[in-house]
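Nothing in this text is a laboratory measurement; each read-out follows from the coordinates by a stated rule. The structure presented is a predicted model; accordingly, all values stated were derived computationally and were not measured. Cβ: placed from backbone, ideal geometry, glycine included. Neighbour counts: every protein chain shown.
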């Protein structure tokens, strides 16, 4: 399963939801103190992405302005400026724009047709063709696996924010609300129409910054099928944290589990040997807290730091069977069970054979293994 960077969407909007007005000059929605906050966030990430439309409309430099923050990046072994990224299906880009001539490295993600155009009319950037169409998952995979980007800040425009949210690829939304109205139906809005993931986002923070308000949210709704969503990573990280709460054992793994409804509601959580029961497993502990026949289970996802067991000595029903009996049809896990206690364990295979969608996120394997460091390999 591919790994992606942490994707942070950053935007400022008017009270009626607009990113800008229709005048030639850019509408300044943030306050001076908030611009400094944005500069701080830029300094903290590995890459900053904007769309080609934002380059055309605003001609931004997209820099870390603080010399102290740039110096701190260099002192920590990072480039002075984050990687600057843009996306253009057509490859129609102005080579004289500020974006290309300030800051550090730049990269353009485009289509095969756009790459042909950029070979004829080059810009000062690396060019990566993603295929016949733009592919956000391919773009994020390339940033993470080829360019080493761990944290990506996305500053617009609205179409890009919309696509990343609708595809479940945004880990966090940082939204600044400005105390003014635009009221022009022709002005650009932050989010467009279409199918978004269901459920409410989780509010992480609110902060007053002069006359604007910062709100930080994270999506909670699990992904669908075998395509991982950003919320899947959040819930699996929680399962790994729960594994660290397990009383250590020399004869069993430490595992954490969370059961989450399709709308992002947490139904239950559990961990191995919870409440002093030396035999209880994580998935078993979590599912026992949900009423049998709860209609939300059919569309829920079980997150487990270790794949559900298929055989166990302590109790007759293994966790994979408990999941099937509960009616859950999707499981996300970090670590395939080694042969430490049971040879040839394959909970993922058993579940998949019964029609359950199993998603493995190996980038969380080390977190899942950490509470089990006392066990033999």
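Between residue 291 and residue 203, what length in nm is gained on full extension when 0.36 nm per residue of separation is reduced by their alpha carbon distance? Don't skip to the answer; put the middle values down first.
Working: separation 88, 0.36 × 88 = 31.68 nm, distance 2.78 nm.
Separation in residues times 0.36 nm, less the Cα-Cα distance, equals 28.9 nm.
Along each principal axis of its Cα atoms, how long is the stretch 127-232 end to end? Whole angstroms, biggest number first, please.
That works out to 42, 30, 28 Å along the principal axes.
Using 0.36 nm per residue of separation minus the Cα-Cα distance, give me the extension gain between residue 224 and residue 141 in nm, one decimal.
Full extension from residue 224 to residue 141 adds 28.0 nm.
Semi-axes of the equivalent ellipsoid for the stretch 300-348, please: Cα gyration tensor eigenvalues, times 5, square-rooted, ordered largest first, whole Å.
Each semi-axis is √(5λ); the values are 18, 14, 7 Å.
What FRET efficiency comes out for the pair residue 341/residue 366, r = Cβ-Cβ distance, R0 = 30 Å, nearest 0.05?
Computed FRET efficiency for residue 341 and residue 366 comes out at 0.90.
Quick check: residue separation of residue 241 and residue 57 times 0.36 nm, minus the Cα distance between them. What number comes out in nm?
Result: 61.8 nm gained on full extension.
I'd like the distance between the alpha-carbon centres of the stretch 16-78 and the stretch 237-287, rounded to an integer number of Å.
41
By average Cβ neighbour count within 10 Å, what is the ranking of 275-282, 240-247 from highest down?
Per-residue Cβ counts within 10 Å, averaged per peptide and sorted highest first, yield 240-247, 275-282.
Calculate how many DSSP beta bridges within the chain are antiparallel, expressed in % of all such bridges and rounded to the nearest 5.
In the chain, approximately 40 percent of DSSP beta bridges are antiparallel ones.
Using the Cα atoms of the stretch 10-50 to build a convex hull, what is its mean projected area in square nanometres?
That works out to 3.6 nm², a quarter of the Cα hull's surface.
Tilt of helix 136-145 relative to the longest C-alpha principal axis of the chain, in degrees (0 to 90, nearest 10)?
80
How big is the gap, in Å, between the Cα center of the stretch 347-377 and the Cα center of the stretch 296-337?
If we compute the Cα centre of each part, the gap is 11 Å.
Can you compute the helix-only [θ] at 222 nm over the chain? Use -39500 (n - 2.57) per DSSP H run of at least 4 residues, normalise by all residues, nearest 500 deg cm²/dmol.
Details: 12 runs with 101 residues, N = 377.
Computed ellipticity for the chain at 222 nm equals -7500 deg cm²/dmol.
For the Cα atoms of the chain, what angle does the longest principal axis make with the long axis of helix 32-44, in degrees from 0 to 90, nearest 10?
That works out to roughly 60 degrees.
Using a basic spin-label model with each label point 7 Å from the Cα along Cα→Cβ, how many nm lie between residue 126 and residue 175?
Reported label-point gap for residue 126 and residue 175 is 3.4 nm.
Does anyone have the angle between helix 230-243 and the longest principal axis of the chain? Alpha-carbon axes, 0 to 90°, nearest 10?
Compared with the principal axis, the helix lies near 40 degrees.
Convex hull volume of the Cα atoms in the stretch 230-372, per residue, in Å³?
Normalising the Cα hull of the stretch 230-372 by residue number yields 96 Å³.
Using only the Cα atoms of the stretch 6-218, what semi-axes does the equivalent ellipsoid have when each is the square root of 5 times a gyration tensor eigenvalue? Give whole Å, largest first.
The three semi-axes for the stretch 6-218 are 26, 21, 18 Å.
Would you please put 336-345, 265-274 in order of how densely packed they are, using the mean number of other Cβ atoms within 10 angstrom per residue and starting with the highest?
On the way: 336-345: 14.8, 265-274: 21.0.
In decreasing order of mean packing, 336-345, 265-274 become 265-274, 336-345.
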